[in-house]
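One structure is given here, and the rest of the page talks about it.
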Amino acid sequence: MVGVDDPPRRPQLRRADRLDLILDRDGPRCVWCGRSFAALVRPTTDHLVPRVKGGPSWLENEIAACARCNNERGHLTPVDWLAECERRGWQPDRTAVGAALTRLQDAIAERGGARRAARYLDGQLRRWS
């Protein structure tokens, strides 16, 4: 039951609508490998903080990634996956990843909750610096 003093809940967007918003924000390329989304490169939403690590399904925790990168990343941390992408000779968008980490940190501070994600994120931001 929702109390009088509880903040209003944000309506959950459909996955396709979230993907459209994320593509508008991040652009038509995979932030990890740099490939353009086209007929053969399917865009997906990738959780920066994986859901198994407490990552929320908020727009601030999702970035545009190709299906290959999303699948191959698995539960690797953003910092570790970024290093792997660079090792492979890909062109990850460091600026977009850094902005996404900061956006998520700000969203957690504003909304509260997501304690597990906040701890995970703090570790990633320390390594990012």
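Residues checked against (1) of a type in the set (Asp, Glu); (2) at positive phi; (3) not in a loop (DSSP other than H, G, I, E, B):
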residue: Cys33; (1), (2), (3): no, no, no
residue: Gly55; (1), (2), (3): no, no, no
residue: Arg68; (1), (2), (3): no, no, yes
residue: Trp81; (1), (2), (3): no, no, yes
residue: Gly89; (1), (2), (3): no, yes, no
residue: Leu101; (1), (2), (3): no, no, yes
residue: Gln105; (1), (2), (3): no, no, yes
ask   = Looking at Arg68, is it of a type in the set (Lys, Arg), out of contact with any strand residue (DSSP E or B) (no Cβ under 6 Å at 6 or more places or on another chain) and free of Cβ contacts under 8 Å to residues at least 40 places away in the same chain?
value = yes
query = Does the stretch 78-105 hold any residues that are free of Cβ contacts under 8 Å to residues at least 60 places away in the same chain and either closer than 13 Å to Pro56 by Cβ or buried (at least 18 other Cβ atoms within 10 Å of the Cβ) (or both), and which are they?
reply = Pro78, Trp81, Leu82, Cys85, Leu101, Arg103, Leu104, Gln105
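All of the numbers you see were taken from the coordinates with simple rules; none came from a lab. All values reported here derive from a predicted model rather than from experimental measurement. Ideal geometry is used to build each Cβ from the backbone, glycine not excepted, and the neighbour counts take in all protein chains shown.
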